[in-house]
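The values are calculated or read from the model by the stated rules, or taken from the named source; none is laboratory data. Here the structure is a predicted model, which is why all the values come from computation and not from measurement. Counting neighbours? That spans all protein chains shown, and the Cβs are built from the backbone with ideal geometry, glycine included. Keep in mind that these areas ignore ligands, DNA and RNA; they rest on the heavy atoms of the full protein, side chains included. Shrake-Rupley method; radii C 1.70, N 1.55, O 1.52, S 1.80 Å.
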Amino acid sequence: LSVFKKFGKYSGIVYVKSRRETERISDLLNKNGVISKPFHAGLSGELKIRVQEEWLKGIVPVVVATNAFGMGIDKPNVRMVVHWGVPDSIEQYYQEAGRAGRDKNKAFALIIYNQHDVVTAESLLVKQYPTYEFIKRVYHALGNFFNLAVGSFPKEKLSFDIKRFCDKYQLPHLEAYNAIKVIERNGYLRY
């Protein structure tokens, strides 16, 4: 909590994973003398606008938000961006951390995490970016599913039920879907 107190008059954003966490972390900060408000998609439009305006004017120095906050906002004196847990992707981290220091003054990006966050992030990474071996497995299973030779293209469109496909070849659905997207990006099929 000392990092938040250190920045007193400057603005900060704390990114969390859920609506409930915005409320919990904001309460924790407020109880420890750091003025903050939660921001998430479940708030009324009026309340979201009020929180955003209070933050922009410096009335509320810290906003605890889901990733719904900050898009299109260019507030120059944001001194810190804190991620409470590991972001879902490096792109998300880069986008959100980049909201600090736009006035070219010193700013900080911080990730507060535990081992469970790391395990969850690694699991998500594996699901989003399947291994080469898994992609090959899905490619060959697709050929078998449609009764096609490796490298051939059918003349007509084929009907595809990903659930049936995954069940038949005992493939995890999300990983298989992401493998199919990789195969598609490389020009081997159109999904």
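Ligands, DNA and RNA aside, Tyr129 has an accessible area near 130 Å² when probed at 1.4 Å.
Under 5 Å between amide hydrogens, built in the peptide plane, is the criterion, and for Val14 it picks out Val63, Val64, Ala65, Val82 among residues at least 5 positions away or on other chains. Electrostatic bookkeeping for His173 treats Lys and Arg as +1 and Asp and Glu as -1; over the other residues with beta carbon under 10 Å from its beta carbon, the sum is 0.
Working ranking of peptides 133-143, 156-166 by packing, defined as the average number of other Cβ atoms within 10 Å per residue, highest first, is 133-143, 156-166. Remark: the Val126-Ala41 segment gains 27.8 nm on full extension, using 0.36 nm per residue and subtracting the alpha carbon distance. Using only the C-alpha atoms, the convex hull of the chain corresponds to 169 Å³ per residue.
Note on Arg164 and Glu54: the extension gain reaches 34.5 nm, defined as 0.36 nm multiplied by sequence separation minus the Cα-Cα distance. Once the C-beta distance of Phe145 and Val182 is scaled by a Förster radius of 25 Å, the resulting FRET efficiency is 0.90 to the nearest 0.05. Using only the C-alpha atoms, the convex hull of segment 1-108 corresponds to 95 Å³ per residue.
Estimated from the Cβ-Cβ distance and a Förster radius of 22 angstrom, the FRET efficiency linking Ser89 and Arg20 is about 0.50. Rg/Rh for segment 132-191 (Cα atoms only, Rh after Kirkwood) is 0.91.
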